[in-house]
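Trainee: Supplied in structure tokens, the structure appears directly below.
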Amino acid sequence: MLGVRRLSKRLRRSWCRPFGGHSVPASRPAVPGRTFTYRLAAGLWIVAALTTITVSAMAVDLTVEQLKAKVAAASVGDRPHLCVQIAERQLAASDKLYSTGDVEKAQAALTDVVAFSELARDYAIQTHKYQKQSEIAMRTMSRKLGDIKHLVGHDDQAPIQDAINRLQRVRDDLLMAMFPKGAK
């Protein structure tokens, strides 16, 4: 008789699957409104998460002038990251200005790219923070400048090549700071 009782419990568990294939223990019967409550809670959680992400993304979009003001007020350890952000945004602005044909403003933005890249190098070497990320950013910016150089006229290529050379020096300095010779 004991074997029949076990068999009947197994049959009840295997045949009673109201929640998408998951067996419900016989001690806790299925509640009709429970799945709706779980789905509602999951939906509200997803909406709250998306709202938080959207609000934080809107707060991140600072202008270049706001970032420049933030560099002066930031601690020395936070400055390399801010300087790299400014340099990347100025490079994007310079690219747009070169594509529209506004060469003077593009060259002014290009000088900002180089100046803030050098500041990022100096702060990164001084604090020993954000060196690798700065070097990677300098490499991508110099590649982007190489692409821009091939798109502009021959007369406008000299300042871009100068900026590429200076960014390469910044990269070399960062690599020398990260991997000094004879430091074994």
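The values are calculated or read from the model by the stated rules, or taken from the named source; none is laboratory data. Fair warning: this is a prediction, and the values are worked out from it, not measured in the lab. Ideal geometry is used to build each Cβ from the backbone, glycine not excepted, and the neighbour counts take in all protein chains shown.
Trainee: Which fully enclosed helices (runs of 4 or more DSSP H) of segment 95-184 have 3 or more residues being of a type in the set (Lys, Arg)?
Mentor: 131-151, 157-178
Residues are listed down the side, and each one gets a yes or a no for (1) within 22 Å of LEU174 (Cβ to Cβ); (2) out of contact with any helix residue (DSSP H, G or I) (no Cβ under 6 Å at 6 or more places or on another chain); (3) of a type in the set (Lys, Arg); (4) not assigned by TED's automatic domain parsing to the domain that holds ARG171:
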position	(1), (2), (3), (4)
PRO80	yes, no, no, no
GLY101	no, yes, no, no
ALA106	no, no, no, no
VAL114	yes, no, no, no
ASP122	yes, yes, no, no
LYS132	yes, yes, yes, no
ALA137	yes, no, no, no
MET141	yes, no, no, no
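Trainee: Quick one: which of GLN90, GLN161, GLN157 is touching a helix residue (DSSP H, G or I) at 6+ places or on another chain (Cβ under 6 Å), of a type in the set (S, T, N, Q) and closer than 26 Å to ALA177 by Cα?
Mentor: Only one candidate qualifies: GLN90.
Trainee: Give me the pairs, please: first residue somewhere in segment 92-108 and surrounded by 14 or more Cβ atoms within 10 Å (Cβ to Cβ), second residue anywhere and not aliphatic (A, V, I, L, M), beta-carbon distance under 6 Å, and either six or more positions apart or on two chains.
Mentor: Sorted first by the residue in segment 92-108, then by its partner, the pairs are LEU97/LYS105; VAL103/ASP156; ALA106/SER94; ALA106/TYR98; GLN107/PRO159.
Trainee: Scan segment 132-172 residue by residue and report those that are of a type outside the set (Gly, Ala, Ser), crowded, with 19+ Cβ neighbours inside 10 Å and more than 23 Å from VAL103 (Cα to Cα).
Mentor: Hits for segment 132-172 are GLU135, VAL170, ARG171.
Trainee: In the list ASP156, ASP95, which residue meets the criterion of being of a type in the set (Asp, Glu) and within 21 Å of the chain's Cα centre (by Cα)?
Mentor: Values: ASP156 fails: within 21 Å of the chain's Cα centre (by Cα).
The unique qualifying residue is ASP95.
Trainee: Can we say LYS70 is part of a helix (DSSP H, G or I) and modelled with pLDDT under 95? Outline the logic, then answer.
Mentor: On the way: part of a helix (DSSP H, G or I): yes; modelled with pLDDT under 95: yes.
It is true that LYS70 is part of a helix (DSSP H, G or I) and modelled with pLDDT under 95.
Trainee: Identify all residues within segment 109-129 that are within 18 Å of the chain's Cα centre (by Cα) and surrounded by 22 or more Cβ atoms within 10 Å (Cβ to Cβ); write none if there are none.
Mentor: ALA120
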